[in-house]
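See structure below.
The values are calculated or read from the model by the stated rules, or taken from the named source; none is laboratory data. Not measured: the values here are computed from a predicted model. Cβ placement follows ideal geometry from the backbone for every residue including glycine, while neighbour counts extend to all protein chains displayed.
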Amino acid sequence: MNFDLPGEICELGERTRRFIAEQVIPLENDERQTSHGPSGELRQELVARARAAGLLTPHASREMGGLGLSHVAKAVVFEEAGYSWLGPTALNIHAPDEGNIHLMEEVASAAQKERWLRPQVEGRTRSCFAMTEPEPGAGADPSMMATTAMRDGDDYVINGLKCFITGADGADYVIVMARMEDGSATMFLTDMGGAGITLERNMDAMDHCFTGGHGVLSFKNVRVPATDVLGEVGKGFRYAQVRLAPARLTHCMRWLGQARRAHDLAVSYARRRQAFGKSLAEHEGVGFMLADNDMDLHTSRLHIWHTAWLLDQGQKCNFESSRAKVVCSEAQWRVVDRCVQILGGQGVTAETPVMRIFTDMRAFRIYDGPSEVHRWSMARKIVQAAENVA
């Protein structure tokens, strides 16, 4: 089997690596970062740098102004961008915008693309995706959705409360999921400044890497014209899978870069730090952790590349993306946790980026579905496949 990547993908990956090292990492200590992510001003500077480097929104189609990357090419570029927690923001490939751009390309009408998508691909706007709700509404089980949309003439009227809405603060538009009278779900597009949409508060979270943080959004008699339905009425759950399967994988790609960064820092520290007459790296306990890191990183990358290749072949890959999400989130978490241990006191302070990576990384095992939900979904499909064979 030939695992060699095409030369143009390797070149793009190397160009991204240099850009992150030279243009992004120097801004990691910039004061324009808050507990709810990079400020709008810092984001605009990062985006401007990526635009000048020809790396802005590389996953979008060429028609929309992107580079039209394949899923395999995204795996290479997104990992390199993820080496810095500011990298995805710079390249305009951070969540939730990356997934929303993919969804809009697949489902939106031509008019909707011109109104909402093209400015987003150009880095001039941001978006959010409002599906998750507080108890007893939709969480890992979207069928529990409580937000409603009622037809009223040429409009739909939306009422409900959403939470954990990444990027809500400062977003220009929102894709909101709501339940219809027949129990189906529909996606709607609406500007965030519309009447009845309120950012109730930003939620304090372990991670600080997402622009706009995570917000609680209320929708009170929000009127959305029927022309602003995304796709077709009643197909919201189907479109959610169009968005979520690739989005799970791109999470894996970006966080792989962060895990690799932590590992690189741990290796460097273990080589130079002396204890008991020799370097930490020469102690078997530390050496074993570095070896385990290498195996977890390699396993993650293989799962990402394999699933990306399947997506490039036109396969749906819901099962494979769930598997990759669990394997990668847990393996990458183990890597970063070991790195904290290797660095000792340095690992639990801001003296190195590892502590920041650690606090950002933990949430990955929950975002886009907790590991347990993916395991449960996979198990059902495994049993069903066995029953079909029998």
Discussion item. If I filter the range 256-273 for residues that are hydrophobic (A, V, I, L, M, F, W, C), in a strand (DSSP E or B) and surrounded by fewer than 22 Cβ atoms within 10 Å (Cβ to Cβ), do I get at least one hit?
Written reply: no
Discussion item. Return the residues of the range 193-220 that are in a loop (DSSP other than H, G, I, E, B) and either more than 18 Å from ARG126 (Cβ to Cβ) or touching a residue at least 60 places away in the same chain (Cβ under 8 Å) (or both); say none if nothing qualifies.
Written reply: ALA195, GLY196, ASP204, ALA205, MET206, ASP207, HIS208, CYS209, PHE210, THR211, GLY212, GLY213
Worksheet item: Got a sec? Which helices (runs of 4 or more DSSP H) wholly within the range 280-390 have at least 3 residues that are touching a residue at least 24 places away in the same chain (Cβ under 8 Å) and touching a Cys at 6+ places or on another chain (Cβ under 6 Å)?
Response: 284-312
Worksheet item: Do you know which residues across the range 224-260 are within 18 Å of LYS74 (Cα to Cα) and of a type in the set (D, E, K, R)?
Response: ARG243, ARG248, ARG254, ARG260
Discussion item. If ALA138 satisfies all but one of (1) outside any helix (DSSP H, G or I); (2) at pLDDT 95 or above, what's the number of the condition it fails?
Written reply: (2)
Worksheet item: Conditions: (1) among the polar types (S, T, N, Q); (2) under 16 Å from the mean Cα position of the chain (by Cα); (3) surrounded by fewer than 15 Cβ atoms within 10 Å (Cβ to Cβ). THR227 meets all but one. Number of the miss?
Response: (2)
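Quickly run through the range 131-183 and pick out the residues that are of a type in the set (S, T, N, Q) and under 25 Å from ILE101 (Cβ atoms).
Within the range 131-183, THR132, THR147, THR166 meet the criteria.
Take the residues in the range 314-344 that are closer than 15 Å to ARG362 by Cα and of a type outside the set (A, V, I, L, M, F, W, C); name whichever of them is surrounded by the fewest Cβ atoms within 10 Å (Cβ to Cβ).
Filtering first and then ranking leaves GLU330.
Right, GLY123: surrounded by fewer than 17 Cβ atoms within 10 Å (Cβ to Cβ), in contact with a Lys or Arg (Cβ under 7 Å, 6 or more places away or on another chain) and not aliphatic (A, V, I, L, M) or not?
no
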Discussion item. Are there helices (runs of 4 or more DSSP H) fully within the range 21-130 with at least 1 residues that are farther than 30 Å from THR186 by Cα? List them.
Written reply: 40-52, 71-81, 87-91
